[in-house]
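S.K.: Once you've had a glance at the structure underneath, I'll fire off some questions.
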Amino acid sequence: MDRNKRRVTYMTGANSTLRSYGISDNHKKKRKQNPVSGFLRMAVAVIALIAMIAIVLSYALSGGGREGVGRVTRIGATLSQNVTPFGDSVIFYDGTTLHCVAATGGNEWSYQIGTNADYDATQEKIVAWSGNDLYILNSRGRLIYNNKMSDTIQFASAGDEYVAVFVGDPDSGVVSVINSEGQIVDNVSVSNQTLLDIGFFMAMTSSSAQETELMWMLGLDTTGTVISTELQTFQPGKLSTGKSSLGEHIAYMIYDKDGGLEIVTTRQIMHYNYRVLEESNPTLIYGYTVEDVKDIGGISHQLLIPAQESREGVHISNIRLMYGGVDRVLHLPGECLAATLGTRSVYGFAGNAVYVCKFAETSFTAYSLPITVTAVLGMITDNRAVVASGSEIYVIELPN
């Protein structure tokens, strides 16, 4: 209420009682006009107003009484700085230097790698390159390998034990495989195809009773009248273990599952063993794309979203969750811009809210966010999401 518009009403009974004690209306008016008491009343009113504003702001930031998430931390990186989740930390490249920042915002380590650089990382190591300069760092940011390669590095991929580096022209070059001691154990020539990607996976082979880290290479064969995708696997130091043509449909994701490889195209997920032999019939996913994959308790969980013509302005109203023998569609409470997997739940992000559904359930719980999420970059340990709000990067502790 406006203080200038308030009116004070005196009750008749109260006036007569006051007069009996020698206090008249004039005395009351004089007291009312006392400048000291007026100042005190104004101070009290100002304090009350400030308290009310604080309560309103707190209520607004908490989503109007809706349950909120845990700690939200700005980590000092921007969206343009190639930000990547890294174990329980975040890595980003500022144009000259690679930084590793804790989820609480503190800098863990930095390493200068030069301009126009790029990098790839696992939880065990980071491989970075600039021109023909190659750097391999361990998880603590210590240099374990540095060398000038024979030609320009197109890209590189990190595994737990090995690193693969593709040098030369995009359509013809050499993939060098480097072990943890910095020794080149393989040089694989690439010709008559466009190399699309390289990765590593763990599998039991016929020559080993223990799991061994193998490498896969995905390429596009352009020599024939029809373009086809080819997949090859290698055991580092022992060369090829398998090769197969995947047909005309281009694979956009490959991940390992139970010692084999899952090859994702726009129509299906194909299931191959380490020798690139198909183990079972493909899983049809037409109309969906694989958005996230996570191994939880030895079971591969796959999150799919409706296929989008463009990654710009994604509007997700339902998601598909597959794990074990489960294959179900979950309907989100509202449209989301991104979805991802945690260790116990699936998350949908919708601006100022995150929707949470446990794997065994079918309904979502809404939690308010104190920031407006505009992009989701991935998850780190303890169900913490790395997100962007505009150009700024934050880490959000999510409910289980």
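The values are calculated or read from the model by the stated rules, or taken from the named source; none is laboratory data. Keep in mind that this is a model prediction, so the values were computed, not measured. Cβ coordinates were reconstructed from backbone atoms using ideal geometry, including for glycine residues, and neighbour counts include every protein chain displayed.
S.K.: Would you please name the residue that is modelled with the lowest pLDDT, looking only at residues in region 314-353 that are part of a loop (DSSP other than H, G, I, E, B) and of a type in the set (Val, Ile, Thr)? Don't jump to the end; show me each part of the working.
M.R.: The first filter runs over region 314-353 and keeps only residues part of a loop (DSSP other than H, G, I, E, B), leaving 314-315, 324-325, 337, 342-344, 351-352.
So of that shortlist, the ones also of a type in the set (Val, Ile, Thr) come out as 314, 343.
Working: Val314: 82, Thr343: 96.
Filtering region 314-353 for residues that are part of a loop (DSSP other than H, G, I, E, B) and of a type in the set (Val, Ile, Thr), the one modelled with the lowest pLDDT comes out as Val314.
S.K.: In this structure, does Pro333 turn out to be more than 19 Å from Leu304 (Cβ to Cβ) and more than 17 Å from the chain's Cα centre (by Cα)? First the steps, then the outcome.
M.R.: Numbers: more than 19 Å from Leu304 (Cβ to Cβ): no; more than 17 Å from the chain's Cα centre (by Cα): yes.
Judged against the criteria, Pro333 is not a match.
S.K.: For region 354-371, indicate whether the set of residues that are in contact with a Ser or Thr (Cβ under 9 Å, 6 or more places away or on another chain), farther than 13 Å from His301 by Cβ, at pLDDT 95 or above and of a type in the set (D, E, K, R) is non-empty.
M.R.: yes
S.K.: To continue, here is another question. Does region 315-353 hold any residues that are hydrophobic (A, V, I, L, M, F, W, C) and in contact with a Pro (Cβ under 9 Å, 6 or more places away or on another chain), and which are they?
M.R.: Taking region 315-353 first, the residues hydrophobic (A, V, I, L, M, F, W, C) are 316, 319, 321-322, 326, 329-330, 332, 336-339, 341, 346, 349-350, 353.
Result: Ile316, Ile319, Ala350, Ala353.
S.K.: Hey, among the residues in region 253-267 that are among the hydrophobic types (A, V, I, L, M, F, W, C) and under 11 Å from Val290 (Cβ atoms), which one's nearest to the chain's Cα centre (by Cα)? Steps first, answer last, please.
M.R.: Narrowing region 253-267 to residues among the hydrophobic types (A, V, I, L, M, F, W, C): 253-254, 261, 263-264.
Then drop every residue that is not under 11 Å from Val290 (Cβ atoms), which leaves 253-254, 263-264.
Numbers: Met253: 17, Ile254: 18, Ile263: 22, Val264: 20 Å.
Only one residue tops the list, namely Met253.
S.K.: Tally the residues that are over 22 Å from Ser240 (Cα atoms), in a strand (DSSP E or B) and in contact (Cβ under 8 Å) with a residue 12 or more places away in the chain, restricting the search to region 276-294.
M.R.: The initial filter retains those residues of region 276-294 that are over 22 Å from Ser240 (Cα atoms), namely 280-294.
Going one step further and asking which of them are in a strand (DSSP E or B), we end up with 280-284, 288-294.
Going one step further and asking which of them are in contact (Cβ under 8 Å) with a residue 12 or more places away in the chain, we end up with 282-284, 288-294.
Qualifying residue count for the region: 10.
S.K.: Can you give me the number of residues within region 114-141 that are outside any strand (DSSP E or B) and either touching a residue at least 24 places away in the same chain (Cβ under 8 Å) or touching a helix residue (DSSP H, G or I) at 6+ places or on another chain (Cβ under 8 Å) (or both)? Steps first, answer last, please.
M.R.: Our first condition is that a residue be outside any strand (DSSP E or B); within region 114-141, this holds for 114-117, 122-124, 131-132, 139-141.
Add one more test, that the residue is either touching a residue at least 24 places away in the same chain (Cβ under 8 Å) or touching a helix residue (DSSP H, G or I) at 6+ places or on another chain (Cβ under 8 Å) (or both), and what stays is 117, 122-124, 132, 139-141.
Adding up the residues that qualify gives 8.
S.K.: Could you list, in sequence order, the residues of region 161-178 that are under 18 Å from Leu143 (Cβ atoms) and at pLDDT below 95?
M.R.: Glu161
S.K.: Can you name the residue in region 87-110 that is closer than 23 Å to Val167 by Cα and in contact with a strand residue (DSSP E or B) (Cβ under 7 Å, 6 or more places away or on another chain) and, of all such residues, is surrounded by the most Cβ atoms within 10 Å (Cβ to Cβ)? Before you say what the answer is, go through the steps one by one.
M.R.: Taking region 87-110 and keeping what is closer than 23 Å to Val167 by Cα, we get 93, 95-98.
With in contact with a strand residue (DSSP E or B) (Cβ under 7 Å, 6 or more places away or on another chain) added as a condition, the list becomes 93, 96-98.
Numbers: Tyr93: 19, Thr96: 12, Thr97: 13, Leu98: 22.
Across region 87-110, the extreme among qualifying residues is Leu98.
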